[in-house]
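A.B. asks: Dropping the structure in here first, questions after.
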Amino acid sequence: MPKTSLRLGELLLQEGLIRPEDLDRALEMQRRTGSPLGQILIALGLVRRYDLYRLLARQWNLPFRDLLQDPPDPEVVRLGSPEQMLREGYLPLEREGNVWHIATARRPTPEREARIREQLGIPPDDVVQFYVTTDWDIEQVIRDVFREEVIHSTVLGLYYRRPHESAYTVLTRGQFAVLALGLLSLILALWWAPYPTLLLLNACINIGFLAGIAFKFVVSLVGATAEQWEPITQEDLAALRDEDLPRYTILVPVYREANVIRPLLESLSKLDYPRDKLEILVLIEEDDEETLAAAKAARPPYNVRFIRIPDSPPKTKPKACNVGLFFARGEFLVIYDAEDRPEPDQLKKAVAAFRKGPPNLAVVQAALNYYNRNENFLTRMFTLEYSYWFDYMLPGLARLGLPIPLGGTSNHFRTQVLRELGGWDPFNVTEDADLGIRAAMHGYRVSVINSTTYEEANSRVGNWIRQRSRWIKGYMQTALVHLRSPRKLVRCLGWKGTMGFLFLIVGTPLTFLSAPWMWVMYIVWLLTRTELLTPLFPPAVLSVSLFNLLIGNGLAIYLNMMAMFKRKYYDLIGWALLNPAYWVLHSIAAYKALWQLLVRPHYWEKTVHGLTRYETPALASESSPAA
């Protein structure tokens, strides 16, 4: 190959692959961001990746090799570590005697050659012959050659590294023995002394309700003080320079989402972040050809890559995210669901939060809310719930230093810390909440930022119950996992953090499961005025029970009303009075979750999106705390 002294831009002009004005545009962006020119040209869609690397080969005076047309020897490829090869951008192709053929997507400097020799164990006297190929070709070969290894590490990686933190085992032998003994003792107690036993159960449930109400009220009051405090200000954003921004990875797990993939990609294209520093990995299951076809038809930007998720059990969102994490190259990483519409400045706010926060800040969570909030009863109640949870509860938990169960989307991670934690648990159906607790157990902090991602609220009862039962089942799984060693839980979280864990993760399913029995007793008493229930309510228990019924329910309704003022959703305030009807749905979902925990613990109930008749609004017009 003839050697050339021309720069990349000059070569592209010479070949007629770009126009002078395109080169000027790319050079202007390079002055602003400091990124390599080729990376910018590809991100802007001004040049094909294949053409760019072919010219880079000419500039570097090296042969070009198309790995899809001329594949390497799989046995030689296996000599390298897939993680190292992805990070370094190289691939061993063949070995002929003492000559090693290496494909690279980056300029092979002497320092880089030395690292590659060390990683592959190439003897000092052996010769290395470099070829230039595209970074996507390298990634594709690694996906094909290391397919089984990727499946193994993304499915069982956490279980093999830290089995005590994985939901692969539903109940340990010790937990099964304790639960079986407790159930047997309860049955015997009900047989021998029914009224004292029922009295004790009634008292425990009512005291638990009272403690839960007090906990949420205090946390909400602390969270309410955050209204006057913005974690990230406009001055913080203005101080960020494009050249200092890190590479960011967006994971988008989709399954059977052909109807919403186009608006999703359009929404992500509006993010205020340098396109050349942003990689979007759309995670599509191998058997989901419909979504893949729709994604390709949407003509996504050139910084979007499709990652095919191996068709193997369990077929869950966390497994897909683990595959995405395996191939992610960003310093930071965020997850967005198929129906998400994040505010444009969210990534920059996350970067600013990480830079302002302490070194052990591992995750920042953005708020979630709904763009179809006025569609029907269900969407209104969902909006009340989410506004309270993300605008009051999570900021309160963060300010009190309590563990935060993450939302399923819009959580931003330090990628390296996420890998250290073992990624997501593919056997936990509420992998987000589990990961938030796991991060706290390892001494990392989770915080919140004043940015909102708008989603599609579930508008159909059956779909809502499927989704909510999965969430509650995941809370049950998370509770069982982290209660395997109560001493360790207290040692890692402290007494304050442990109490927060018990109220949120353990208390939430127990509340939904026990509430119907209290409702039934109250309704029976109202209708019959029977004296049979009187022994269950001595004066002390009756006082607590009445407080829960009147004051506790009133406080819960008030807190949901209060959340509407922050977002100026004044038309929803009156709907908070219907919260008791919404809680009935929670209990139905909780009993379905309990049944599935016993018979199908790892089954992932798919939530169908794209059911709303509402169009996604312009985010700038939304009334949000960040607007």
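The values are calculated or read from the model by the stated rules, or taken from the named source; none is laboratory data. These numbers were taken from a predicted model, which means no experiment stands behind them. Please note: Cβ atoms are built from the backbone with ideal geometry, for glycine as well, and neighbour counts cover all protein chains shown.
A.B. asks: Residues of the range 180-235 being in a loop (DSSP other than H, G, I, E, B) and either in contact (Cβ under 8 Å) with a residue 24 or more places away in the chain or not aliphatic (A, V, I, L, M) (or both), which ones?
C.D. replies: Trp229, Glu230, Pro231, Ile232, Thr233, listed by residue number.
A.B. asks: Looking at (1) in a loop (DSSP other than H, G, I, E, B); (2) crowded, with 23+ Cβ neighbours inside 10 Å; (3) of a type in the set (D, E, K, R), which is the one condition that is false for Lys349?
C.D. replies: It fails just one condition, (1).
So that you can scan it fast, the table gives a plain yes or no per residue for (1) buried (at least 18 other Cβ atoms within 10 Å of the Cβ); (2) of a type outside the set (Gly, Ala, Ser); (3) assigned to a loop (DSSP other than H, G, I, E, B); (4) in contact with a His (Cβ under 9 Å, 6 or more places away or on another chain):
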| residue | (1), (2), (3), (4) |
| --- | --- |
| Asp425 | yes, yes, yes, no |
| Gly436 | yes, no, no, no |
| Ser447 | yes, no, no, no |
| Ala457 | yes, no, yes, no |
| Gly462 | no, no, no, no |
| Ile465 | yes, yes, no, no |
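A.B. asks: I would also like to ask the following. Restricting to the range 111-140, name every residue that is buried (at least 19 other Cβ atoms within 10 Å of the Cβ), aliphatic (A, V, I, L, M), within 39 Å of the chain's Cα centre (by Cα) and under 17 Å from Leu79 (Cα atoms).
C.D. replies: Listed by number, the residues that qualify are Ile116, Leu120, Ile138.
A.B. asks: Anything in the range 85-110 that is within 16 Å of Leu67 (Cβ to Cβ), surrounded by fewer than 22 Cβ atoms within 10 Å (Cβ to Cβ) and touching a residue at least 40 places away in the same chain (Cβ under 8 Å)? List them, or say none.
C.D. replies: Leu86, Gly89, Ala105
A.B. asks: Could you check the range 303-346 and list, in sequence order, the residues that are part of a loop (DSSP other than H, G, I, E, B) and aliphatic (A, V, I, L, M)?
C.D. replies: Hits for the range 303-346 are Ala328, Ala338.
A.B. asks: Also: Taking into account only those residues within the range 1-59 that are among the hydroxyl-bearing types (Ser, Thr, Tyr) and at pLDDT 90 or above, which is surrounded by the fewest Cβ atoms within 10 Å (Cβ to Cβ)?
C.D. replies: Tyr50
A.B. asks: Take Asp22 and tell me if it is outside any loop (DSSP other than H, G, I, E, B) and farther than 19 Å from Ile116 by Cβ.
C.D. replies: Details: outside any loop (DSSP other than H, G, I, E, B): yes; farther than 19 Å from Ile116 by Cβ: yes.
Yes, satisfied.
A.B. asks: Picking from Ala581, Ala593, which residue would you name as being more than 30 Å from Thr225 (Cβ to Cβ), touching a helix residue (DSSP H, G or I) at 6+ places or on another chain (Cβ under 9 Å), at pLDDT below 95 and not in a loop (DSSP other than H, G, I, E, B)?
C.D. replies: Going through Ala581, Ala593 in turn, just one is more than 30 Å from Thr225 (Cβ to Cβ), touching a helix residue (DSSP H, G or I) at 6+ places or on another chain (Cβ under 9 Å), at pLDDT below 95 and not in a loop (DSSP other than H, G, I, E, B): Ala581.
A.B. asks: Does Pro300 satisfy the condition of being under 20 Å from Arg256 (Cβ atoms), in a loop (DSSP other than H, G, I, E, B), in contact with a Leu (Cβ under 6 Å, 6 or more places away or on another chain) and not aromatic (Phe, Trp, Tyr)?
C.D. replies: Answer is yes for this residue.
A.B. asks: How about the range 472-492: which of its residues are surrounded by fewer than 23 Cβ atoms within 10 Å (Cβ to Cβ), of a type in the set (A, V, I, L, M, F, W, C) and assigned to a helix (DSSP H, G or I)?
C.D. replies: Ala479, Leu480, Leu489, Val490, Cys492
A.B. asks: Shifting gears a bit: Test Ile232 against the stated conditions and say whether it is closer than 22 Å to Thr511 by Cα, among the aliphatic types (A, V, I, L, M) and touching a helix residue (DSSP H, G or I) at 6+ places or on another chain (Cβ under 6 Å).
C.D. replies: In short, no.
A.B. asks: How many residues does the range 517-557 contain that are over 20 Å from Phe377 (Cβ atoms) and out of contact with any Leu (no Cβ under 8 Å at 6 or more places or on another chain)?
C.D. replies: Number satisfying all stated conditions: 25.
A.B. asks: Run down Ala353, Ala320 and say which single residue is farther than 19 Å from Leu281 by Cβ and aliphatic (A, V, I, L, M).
C.D. replies: Ala353
A.B. asks: Between residues in the range 439-462 that are closer than 15 Å to Gly401 by Cα and of a type in the set (S, T, N, Q) and residues that are assigned to a strand (DSSP E or B) and modelled with pLDDT of 90 or more, which pairs lie under 8 Å by C-beta distance while being six or more apart or on different chains?
C.D. replies: Correct list of pairs: Ser447/Leu361; Ser447/Val363; Ser447/Val364; Ser447/Gln365.
A.B. asks: I want to confirm something. Restricting to the range 537-589 and keeping residues that are of a type in the set (Lys, Arg) and buried (at least 16 other Cβ atoms within 10 Å of the Cβ), which single residue is farthest from Val218 (Cα to Cα)?
C.D. replies: Among those residues, the one meeting the criterion is Arg567.
A.B. asks: Shifting gears a bit: Restricting to the range 25-58, name every residue that is at negative phi and assigned to a loop (DSSP other than H, G, I, E, B).
C.D. replies: Ser35, Pro36, Leu44, Leu46, Val47, Arg48
A.B. asks: Looking at the range 271-288, is at least one residue charged (D, E, K, R), surrounded by fewer than 16 Cβ atoms within 10 Å (Cβ to Cβ) and closer than 24 Å to Leu611 by Cβ?
C.D. replies: yes
A.B. asks: Output the number of the condition that Arg32 fails; it satisfies all remaining conditions of (1) farther than 29 Å from Val145 by Cβ; (2) without any contact (Cβ under 8 Å) to a residue 40 or more places away in the chain; (3) charged (D, E, K, R).
C.D. replies: Result: Arg32 passes all but (2).
A.B. asks: Could you please find all residues in the range 298-324 being small (Gly, Ala, Ser), surrounded by fewer than 23 Cβ atoms within 10 Å (Cβ to Cβ) and either free of Cβ contacts under 8 Å to residues at least 24 places away in the same chain or under 28 Å from Tyr159 (Cβ atoms) (or both)?
C.D. replies: Within the range 298-324, the first condition is being small (Gly, Ala, Ser), and the residues that meet it are 298, 312, 320, 324.
From what is left, the residues that are surrounded by fewer than 23 Cβ atoms within 10 Å (Cβ to Cβ) are 298, 312.
The answer is Ser312, and nothing else.
A.B. asks: In the range 63-84, which residue that is over 37 Å from the mean Cα position of the chain (by Cα) and surrounded by fewer than 18 Cβ atoms within 10 Å (Cβ to Cβ) is nearest to Thr109 (Cα to Cα)?
C.D. replies: Pro63
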